[in-house]
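**Q** Provided herewith is a single structure, encoded as structure tokens, for subsequent inquiry.
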Amino acid sequence: MKKEYLAKLKQKLEEKDFDKSEINDIIDDYDRMYDDALLKGMEDADIMNFLGDPDRIAFDLCDGKIRKQNRKNNGKIVAIMPFVSLILFFIMGYAFHLWHPGWLVFLLIPVTAIIAGARKDKNGTLIALMPFIATAIYLGFGFGMNLWHPTWLIFFLIPVTAICSGQTRLLGKLTALTPFIAVTAFFILGEYGYYHPGWLVFFLIPMVGVLNEKHVWKAVIYEASFVIAIALYLAIGYLNPIWAQAWLVFLLPVIVSLLFGEYNFQIDGMSVGIRILTIVLIVIYVLFGFLFQTWSYLWLIFLLIPVAAIIGNGKGMQKKLVALSPFVATVAFFLLGYLGGYWQYSWMAFLLIPMTAILTKGKEE
Amino acid sequence: MMNSQFKKGIIEMCVLELISHRDMYGFEVIERLSEDIDVNDNTIYPILRRLTEQGYFDNYVESTSMGAPRKYFRITEKGSGKLTEYKTEWDKFLKGVSRIMEEKAK
């Protein structure tokens, strides 16, 4: 019990950004006081009540003079930043006629607030800063060089940073990152005119996923089936121009999965309806791809899979709306950009996500 | 219910008073105070620590026959000065309150 109590206290102190040496000193003191209470014959429950709730202790210890001063200084910086941004904006505008993209200096306001509020959790700060970093890079390239597409891929930095910070296993990180790597590679290849057969990079996702297989022999067979299928597909397609039939070679990894009895698309607990939808969508994607060369944008239909899963679950309407907003935003963003060529405006579709969250939060409360 | 900041101020004075009589270790201070004052919200250790940071106490460690060595709190000259200041304010406050209460009784 004592160990747990001290561990909880330590955790609360770490959350409040205490120095390591300070934490050790406080923990030593509580360790001694706990021992003294035990010597007095007190029970664990009474001691914990006597010494106090770790959360409350950490809060009260925060009230110290030095920490107060730091918070005060940080608060001043955050408070002054809107004025600094405004001054910089006017200087850039009047002196250098850089009203646009000079308005980007206003990003300093939230960025300063995040940095000033930063605790010891540096990863958390980086994750919080990433949307601003990505937006600044995106707008910089967009307005500066008119490279809206494929610069929008920079927004992948947001989930990628979160994945890199959250996962501890290298393979776990790689598995979670593969979809972003695949989409990025796909669009880069597409920019050079290789949407087809560039879409093959999406095989990276199951190929890396299979590396998590416990049995090495199974993983080897899976990987071999993918490599053979891809090699055969390219060989058949390039040697004889029969791409339309060549995709049949991909039945090889499907057969391997069926033989292992694990054909579940890597999604645990997937309902029968979703499985059928997935198969139908794959068929539509491949069919339309070969018939009408729709590889580069028809992938959007795969978003219907998580959308259907969200609609089908038992959560309330507000939660569903919040969960659906990223998909709606992605579709709007991509269609406006890709089909309409409005990459410079389409990014605003992503504002739907926080807007939906704010509006529905208000309703819930 | 008594205002928590007000209560903290009073506890701060009591802690200074107790340790001005003799050096004490953390548990001892909490135990002694809880005999006479309701200190369920356990703000005593943070107060002890803050007063030490402010230079009103200093620490020394003394080994014991049982368990780990104890950290003792000893009042400093600055702490004694602060205690005198607190006491003066406290007396003045109590006298003021007494006068108001007596006036109400009349």
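**Q** Based on the Cβ-Cβ distance from B:Arg32 to B:Glu89, what FRET efficiency comes out when R0 is 22 Å, to the nearest 0.05? All intermediate terms of the calculation are to be shown ahead of the outcome.
**A** Working: r = 23 Å, r/R0 = 1.03.
Efficiency at R0 = 22 Å is approximately 0.45.
**Q** For the stretch B:4-102, take the alpha-carbon Rg, divide it by the Kirkwood Rh, and send me Rg/Rh.
**A** Numbers: Rg = 14.9 Å, Rh = 14.5 Å.
That ratio is 1.03, to two decimals.
**Q** Taking just the C-alpha trace of the stretch A:140-238, give me its Rg and Dmax in Å.
**A** Rg and Dmax of the stretch A:140-238, Cα atoms, are 16.3, 51 Å.
**Q** Sorted by accessible area (1.4 Å probe), largest first, how do A:Val111, A:Val328 line up? Could the numbers behind the result be given before it?
**A** Numbers: A:Val111 35, A:Val328 80 Å².
Putting A:Val111, A:Val328 in descending order of accessible area: A:Val328, A:Val111.
**Q** Continuing with this model, one more query. Using r as the Cβ-Cβ distance of A:Tyr192 and A:Asp19, and R0 as 56 Å, what FRET efficiency do you calculate, to the nearest 0.05?
**A** Values: r = 52 Å, r/R0 = 0.93.
E(calc), rounded to 0.05, equals 0.60.
**Q** Okay, which of the stretch B:53-69 sit inside 20 Å, backbone N to the point 7 Å along the Cα-Cβ direction of B:Arg22?
**A** B:57-67, B:69
**Q** Pairs B:Lys7/B:Lys82; A:Lys12/A:Lys173; A:Lys173/A:Lys214: which are spaced more than 19 Å apart, C-alpha to C-alpha? Let's see the in-between values first.
**A** On the way: B:Lys7/B:Lys82 17 Å; A:Lys12/A:Lys173 28 Å; A:Lys173/A:Lys214 17 Å.
Beyond 19 Å between Cα atoms: A:Lys12/A:Lys173.
**Q** In peptide B:31-37, what is the residue-averaged number of other protein chain Cβ atoms found within 10 Å of each Cβ?
**A** Values: counts 6, 0, 0, 1, 0, 0, 0.
Average neighbour count from other chains, rounded to a whole number: 1.
**Q** So how exposed is A:His97, as accessible area in Å² (1.4 Å probe, rounded to 10)?
**A** Accessible area, nearest 10 Å²: 150 Å².
**Q** For a Förster distance of 35 Å, can you work out the FRET efficiency between the beta-carbons of A:Glu213 and A:Leu351, rounded to the nearest 0.05? Write down the numbers at each step before the final one.
**A** On the way: r = 41 Å, r/R0 = 1.16.
For A:Glu213 and A:Leu351, the calculated efficiency is 0.30.
**Q** Distance in nm between label sites at A:Lys2 and A:Leu170, each 7 Å beyond Cα in the beta-carbon direction?
**A** 4.1
**Q** Let me ask another. To the nearest 10 square angstrom, how much accessible area does A:Val183 have with a 1.4 angstrom probe?
**A** 30
**Q** Further, regarding this structure: Which angle from 0 to 90°, rounded to the nearest 10, does the C-alpha axis of helix B:26-36 make with the longest principal axis of chain B?
**A** Roughly 30 degrees between the two axes.
**Q** Also, quick follow-up: Other chains near B:48-56: what is the mean number of their Cβ atoms within 10 Å of each residue's Cβ?
**A** On the way: counts 1, 8, 5, 0, 0, 5, 2, 0, 0.
The mean count of partner-chain Cβ atoms within 10 Å per residue comes to 2.
**Q** Cα-Cα over 22 Å: which of A:Lys16/B:Lys71; A:Lys10/B:Lys8; A:Lys40/B:Lys87; A:Lys3/B:Lys71; A:Lys76/B:Lys8; A:Lys16/A:Lys76?
**A** Details: A:Lys16/B:Lys71 24 Å; A:Lys10/B:Lys8 24 Å; A:Lys40/B:Lys87 33 Å; A:Lys3/B:Lys71 20 Å; A:Lys76/B:Lys8 28 Å; A:Lys16/A:Lys76 20 Å.
From A:Lys16/B:Lys71; A:Lys10/B:Lys8; A:Lys40/B:Lys87; A:Lys3/B:Lys71; A:Lys76/B:Lys8; A:Lys16/A:Lys76, over 22 Å: A:Lys16/B:Lys71; A:Lys10/B:Lys8; A:Lys40/B:Lys87; A:Lys76/B:Lys8.
**Q** Starting from 0.36 nm per residue, how many nanometres of slack lie between A:Phe90 and A:Thr184 once their C-alpha separation is accounted for?
**A** Numbers: separation 94, 0.36 × 94 = 33.84 nm, distance 3.74 nm.
Value of the extension gain: 30.1 nm.
**Q** Now for a different question. May I ask you to rank B:Ser63, B:Ser98 by accessible area, largest first, using a 1.4 Å probe over the protein chains only?
**A** Largest accessible area first, the residues go B:Ser63, B:Ser98.
**Q** Distance in nm between label sites at A:Leu248 and A:Val286, each 7 Å beyond Cα in the beta-carbon direction?
**A** 1.1
**Q** Given H placed 1.01 Å from N in the peptide plane, which residues other than close sequence neighbours of B:Thr64 have an amide H under 5 Å from its amide H?
**A** B:Arg70
**Q** Give or take rounding to whole Å, what are the principal axis extents of the alpha carbon atoms in the stretch A:2-52, in descending order?
**A** Ordered largest first, the stretch A:2-52 gives principal extents of 34, 15, 15 Å.
The values are calculated or read from the model by the stated rules, or taken from the named source; none is laboratory data. Computed from a predicted structure; not experimentally measured. Virtual Cβ from ideal backbone geometry, glycine too; neighbours counted across all protein chains shown. These accessible areas exclude ligands, DNA and RNA; they are computed on the full protein's heavy atoms, side chains included. Shrake-Rupley method; radii C 1.70, N 1.55, O 1.52, S 1.80 Å.
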